[in-house]
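The values are calculated or read from the model by the stated rules, or taken from the named source; none is laboratory data. Keep in mind the model is a prediction, meaning the values are calculated, not measured. Positions of Cβ are generated from backbone atoms using ideal geometry, with glycine treated the same way; all protein chains shown enter the neighbour counts.
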Amino acid sequence: MNAIKNNLETFKQELKVALELATSPTQLEEVRIAFLGRNGRIATIMSVIKDLSAEDKRTFGPELNACKVWAELAFQEKKETLIKQEILRDTMRKQLFDVTSYKPQTLTGKLHIYTQIIQELEDIFISMGYDIVDGPEVETDYYNFQALNIPADHPARDMQDTFWLDTPGMLLRTQTSPAQIHAMEKRELPLAIFSPGRVYRCEATDASHDFMFTQAEGLFIDKKVSIANLMATAQQFLQKFFDRKDLAIRVRPGYFPFVEPGLEIDGSCPFCVAGCSICKKTGWIELLGAGLVHPNVLRYCGIDPEKYSGFAFGTGLERLAMIKHGINDIRLFHSSKIDFLDQF
Ligand code: FA5
C-alpha cells in the first residue's frame, strides 16, 4: 500500500512542477491532458481502486479522491492566475501604447502646376512693371474677334475653332488677346498689362493640343514703341523663365490679324548647344506669337495710331511648362493624376 501512497506523493510533486512551468494556456492544456485527462496520470492512479480489498478501499478511496480534488483545484487556480496575468499584460500594453506616435501617411497639398507657372510668369512681369489683369472666359464676338481686326467674314476665324454659346454672338474665348481690348478701353496710357487665363478651342485633342488650355497675353502701349522694345522684353522674360542668361531669341514672320508686322519669336534651346530632341535638332524652340499692335485695333479702342504704338505677345502656358519640365502630354495637366502633379 506504500506504493499507492508514494504514487500519490510523486503525482502531486510532478503536477506542482508542471503547473509551475506552464506559462501559456496551450502549455496548461497540455498539463491538464497529461495529468487530469481521461487517459492521464490521475486516471491511472484511480484505476487501482477496483483491485483493492474492501478494507483498503475504505482506507485509500477517500485519499485517492482527495488527491483528485486537490489536483483539479490546483489546475483551476493556475488557470485563473494565467488569465489574470494575461489581463494585466493586455492592460499594460494598452497603457504603453502611444497614440501620438501613430503617424498615418499623409498627402501633402501643393499648388497645381498651372498655378505655379502662372505665378512664376506673373512675378517676372510684375518685376518688369506690368499690371496683372484678368479677363472673362465667356466673351462676345466683338472682343474675341471683331475688335482684334477679325471681322465676321475673315478667314482667320478658321484658325481658331470656336465653341459658340446658345446666346447669339457669345462664345468661350479662343485666346487671351481680348484682354488687350478690355485694357485699352479701360486704362490710361501708357499701359503695360500681362493677362494669363484659360481659353477654349473646339479641337481634337492629342499630346500637344487640348480643347481647353491656358494662354497669357502681354501688351505694352506708349509713344514710340518699337519692335526693339518687344524683342528686349521677350528676351528678358524668356531668360528669366528658363533661368538662362545666355538664351538668345530670333524672329520669323508670323500672321495674326491684330498685329502688324506679326512675328513668331523663337528662343535658343535652353537644354542643348548643338540640337536635342526638345528643339528637334534645330537649336531653336518656337515660344511666342507677337507683333506691333495693328493700327485698326488701336482705333477700335479709341487710341490714335499716329501718337501711340505698342506691342503684344501671346503664348501657351502648357507649352512653356512642357518644355521647361519635360512633360510629354498636355492632357496630363487636367488629368488629376497625383503621381504627375506631385512632381512639381
Ligand atoms: C494666339 O492665340 C494669339 N492670340 C497669340 C498672339 C498674341 C499673337 C498677341 C500675337 C500677339 P496661337 O493660335 O498661335 O496664337 O496660340 C498661341 C499658343 O497657344 C500656341 O503657340 C500654343 O502654345 C498654344 N495653343 C494653341 N492651340 C492650342 C491647343 N489646342 N492646345 C494647347 N495649346 C494650344
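Assorted remarks:
- Selection count, segment 195-232, where residues are surrounded by fewer than 21 Cβ atoms within 10 Å (Cβ to Cβ), more than 26 Å from the chain's Cα centre (by Cα) and not in a loop (DSSP other than H, G, I, E, B): 6
- The set of residues from segment 202-222 being within 12 Å of the ligand (Cβ to nearest atom), closer than 20 Å to H182 by Cβ and not small (G, A, S) comprises T214, Q215, E217, L219, F220.
- All of A152, A156, A147 fail the test of being surrounded by 12 or more Cβ atoms within 10 Å (Cβ to Cβ), farther than 30 Å from L19 by Cβ, modelled with pLDDT under 95 and among the aliphatic types (A, V, I, L, M), apart from A156.
This table checks each residue for (1) assigned to a helix (DSSP H, G or I); (2) under 53 Å from the mean Cα position of the chain (by Cα); (3) not β-branched (V, I, T).
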position: T23; (1), (2), (3): no, yes, no
position: L28; (1), (2), (3): yes, no, yes
position: F35; (1), (2), (3): yes, no, yes
position: V48; (1), (2), (3): yes, no, no
position: D56; (1), (2), (3): yes, no, yes
position: K68; (1), (2), (3): yes, no, yes
position: A74; (1), (2), (3): yes, no, yes
position: Q95; (1), (2), (3): yes, yes, yes
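- Within segment 223-237, tally of residues that are away from the ligand (no atom under 13 Å from the Cβ) and either more than 20 Å from A321 (Cα to Cα) or not aromatic (F, W, Y) (or both): 10
- Condition met for K240 (within 14 Å of the ligand (Cβ to nearest atom), basic (K, R) and in contact with a helix residue (DSSP H, G or I) (Cβ under 7 Å, 6 or more places away or on another chain)): no
- Unique match (being more than 43 Å from the chain's Cα centre (by Cα) and either in the same structural domain as H334 (by TED's automatic domain parsing) or touching a residue at least 12 places away in the same chain (Cβ under 8 Å) (or both)) among I117, I42: I42
- Residue count for segment 97-115, restricted to those that are within 30 Å of H325 (Cα to Cα) and either of a type in the set (A, V, I, L, M, F, W, C) or outside any helix (DSSP H, G or I) (or both): 9.
- Exclusive hit being assigned to a helix (DSSP H, G or I), over 29 Å from the mean Cα position of the chain (by Cα) and in the same structural domain as A312 (by TED's automatic domain parsing), set A152, A192, A183: A183
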